Protein chains: 2
Amino acid sequence: MAAPVTVYGPVISPAVARVAACLLEKDVPFQIEPVDMSKGEHKSPSFLKLQPFGQVPAFKDHLTTVFESRAICRYICDQYADRGNQALLGKKEDGAVGRAAIEQWIEAESQSFNPPSLAIIFQLAFAPMMGRTADMSVVEQNEVKLTKVLDVYDQWLGESQYFAGDDFSLADLVHLPNADFLVNRTNKAGLITERKNLTRWWDDVSARPAWKKVIQMQSAPRPS
Amino acid sequence: MAAPVTVYGPVISPAVARVAACLLEKDVPFQIEPVDMSKGEHKSPSFLKLQPFGQVPAFKDHLTTVFESRAICRYICDQYADRGNQALLGKKEDGAVGRAAIEQWIEAESQSFNPPSLAIIFQLAFAPMMGRTADMSVVEQNEVKLTKVLDVYDQWLGESQYFAGDDFSLADLVHLPNADFLVNRTNKAGLITERKNLTRWWDDVSARPAWKKVIQMQSAPRPS
């Protein structure tokens, strides 16, 4: 490879962790370029060329730059099709139908799971890190929304081993960062652990070596 | 084709209109199966088999079923690759890089443009249709968020003809339903028409035959 694959953003960010998990599943070597958001580096002119909204992550390889975590994950699967886990966006022989079975659950994560889970995580995990008080009315409102989504998930995962059938895929992977925060960094673990099928799924997907490596990266002390 | 392509949901719904626009661009014949949400048909057991969250649209062809509008659009482009507009998810010769340039803006629409624009549309267009009063505090909060997104869009569209370069793509198409509602069914048209590059883009994309056909379908009297 002419230039290393670079992911811009702190790996503690759920969206950055999503991309890191994908690269690890695909066995694509990469480096993290931490963007210090407390210093406003995500709004610098050079970063805005990579990500016009000034959000993390951004991504760069020897061929292109991409922003938005789920778009980056799709690109990694398409561009590095022959590396690592080759079923993340569907097996070749399953064609467009196989990919769609995955894409519909990536979209469910993006549209239905992410907004309420991220709102809860922000209040219960990130606000304290930033020295702010959690807004419990926001937590409660979003718990109501998230409960409805998780009820559907639990029922679905009673019929299907993973979101898109018998193989772990990007549909499962995109859920990992927020689910991990809920279970391990808030007092709302029960949203997942009190649902039988969701727990069976969570125990499986969170034990994958790629995800355990992301957790390790999140825990490592930042270079000073 | 063994069975007709069917889109489930009322075409007035922005997400249903998104799928209809895609099918028309791809020149794939289809039928609309209106789901009467006022009668709770979207929560019926047969509909929940197509769409486990009880939302519109759902999609069915001779090969599979798919839910979530953006996942359905991707499937249509992948499965019916040789029909109609063949650049919607990138030209074949542009490979993964070309697709990623489109995917990142589909995600920008999904993550940044859709939430605030849909909230405004709901209050200013759908609430009155349902005999409810608009909550102007929701409109104002979301106008602040949407303004920031549209400022980025306007700058970007000053440098690029369409969201992903020189060709109309799914990145533009996914924006059409909400943008059309804002311009033509609320008093917030200025959010788009007072921005020079966004207006140039809007005049172009909203004049496409496929979109004009969707507008015609939305205006047609419902069969009684």
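Structure values in brief
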item	result
Residue within the stretch B:122-140 that is closer than 20 Å to A:ILE106 by Cβ and crowded, with 17+ Cβ neighbours inside 10 Å present	no
Unmet criterion (only one of (1) in a helix (DSSP H, G or I); (2) under 22 Å from B:SER13 (Cβ atoms)) for B:VAL97	(2)
Top-ranked residue of the stretch A:80-99 - restricted to ones that are on the phi > 0 side of the Ramachandran plot and in contact (Cβ under 8 Å) with a residue 24 or more places away in the chain, ranked as least open to solvent (accessible area, probe 1.4 Å)	A:GLY90
When residues of the stretch B:63-75 are limited to those that are in contact with a strand residue (DSSP E or B) (Cβ under 8 Å, 6 or more places away or on another chain) and more than 7 Å from every other protein chain (Cβ to nearest Cβ), the one least open to solvent (accessible area, probe 1.4 Å)	B:ILE72
Filtered residues of the stretch B:31-59 (kept if more than 24 Å from B:ASP172 (Cα to Cα), touching a helix residue (DSSP H, G or I) at 6+ places or on another chain (Cβ under 8 Å) and within 12 Å of chain A (Cβ to nearest Cβ))	B:GLN51, B:PRO52, B:PHE53, B:GLY54
Condition met for B:GLN104 (open to solvent by 60 Å² or more (accessible area, probe 1.4 Å), in a helix (DSSP H, G or I), in the same structural domain as B:ASP180 (by the TED database) and among the polar types (S, T, N, Q))	no
Residue in the stretch B:100-117 that is more than 9 Å from chain A (Cβ to nearest Cβ), within 17 Å of B:LEU173 (Cβ to Cβ) and free of Cβ contacts under 8 Å to residues at least 60 places away in the same chain present	no
Yes/no for B:GLY54 being open to solvent by less than 20 Å² (accessible area, probe 1.4 Å) and at positive phi	yes
Members of the stretch A:146-164 that are within 12 Å of another protein chain (Cβ to nearest Cβ) and open to solvent by 10 Å² or more (accessible area, probe 1.4 Å)	A:LYS148, A:VAL149, A:ASP151, A:VAL152, A:ASP154, A:GLN155, A:TRP156, A:GLY158, A:GLU159, A:SER160, A:ALA164
Residue within the stretch A:155-165 that is part of a helix (DSSP H, G or I), in contact with a Leu (Cβ under 8 Å, 6 or more places away or on another chain), hydrophobic (A, V, I, L, M, F, W, C) and at pLDDT 95 or above present	no
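Matching residues to (1) in a helix (DSSP H, G or I); (2) not small (Gly, Ala, Ser):
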| site | (1), (2) |
| --- | --- |
| A:ASN114 | yes, yes |
| A:ALA127 | yes, no |
| A:ARG132 | no, yes |
| A:GLU140 | yes, yes |
| A:THR147 | yes, yes |
| A:ALA171 | yes, no |
| A:ASP180 | yes, yes |
| A:ALA210 | yes, no |
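The values are calculated or read from the model by the stated rules, or taken from the named source; none is laboratory data. A quick note: this is a predicted structure, and the numbers were derived from the prediction, not measured. Counting neighbours? That spans all protein chains shown, and the Cβs are built from the backbone with ideal geometry, glycine included. Areas reflect the complete protein model, heavy atoms only, side chains present, ligands, DNA and RNA absent. Shrake-Rupley method; radii C 1.70, N 1.55, O 1.52, S 1.80 Å.
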